[in-house]
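The values are calculated or read from the model by the stated rules, or taken from the named source; none is laboratory data. Since the structure is predicted, the reported quantities are computational estimates derived from the model, not experimental observations. Cβ atoms come from the backbone with ideal geometry, glycine included; neighbour counts cover every protein chain shown. Areas reflect the complete protein model, heavy atoms only, side chains present, ligands, DNA and RNA absent. Shrake-Rupley method; radii C 1.70, N 1.55, O 1.52, S 1.80 Å.
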Amino acid sequence: VGLEDGSVTGVEALLRWRHPERGLVPPSDFIPLLEETGLVVQAGAWVLRAVCGQLAEWRESGLRLVPVAVNLSARQFLAPDLGESIRQILESNALAPSFLEVEITESAIMSDTEEANRTLEYLDSLGVKSAIDDFGTGYSSLGYLKRFPLGALKVDRSFVSDITTDAD
């Protein structure tokens with residue numbers, strides 16, 4: 001939200017499961033299963049298609065678009081066809097890449113830095129922004145991260161949750 005005028009400047013798409021009997025199932029209950037079975041890549045692709053489709057619907061309805069951030073799993077991020085898949089999804093929705101931001105964890109980037117850098121550079125060349133999510137929970141440093149074309153760094157909540165009450 002813009003501090004000056006209160007306007008929405010961006011949103012984040014979060015995957016949720018509305019089970020017919022259990023109600024809203026938290027991601028901590030189903031994402032590990034998606035990871036374990038490898039279905040996280042297909043689920044992630046579905047999320048990207050749904051987000052870009054929703055943005056196209058908002059545009060066609062005359063709404064002002066804002067960037068939407070989408071979390072990518074490590075497995076999805078390191079898939080060799082991720083960049084091309086994102087390009088095709090954006091193209092099929094006639095969507096400017098600046099309306100999509102992908103968020104990845106620092107551990108995903110650090111697990112294969114060369115492949116991560118290639119993917120991030122390709123996404124950057126398309127105009128898709130990239131962000132590190134939950135920074136500070138892994139083992140990388142700010143100095144190391146400057147090697148990558150990143151648009152944002154989202155610090156983990158554990159560092160700021162008590163910012164108003166703890167001077168440290």
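Observations, loosely collected:
- Residue match in the stretch 67-74 (condition: touching a helix residue (DSSP H, G or I) at 6+ places or on another chain (Cβ under 8 Å) and more than 25 Å from VAL1 (Cα to Cα)): yes
- For the stretch 155-168, a tally of residues being under 21 Å from the mean Cα position of the chain (by Cα) and either open to solvent by 100 Å² or more (accessible area, probe 1.4 Å) or not hydroxyl-bearing (Ser, Thr, Tyr) (or both) returns 5.
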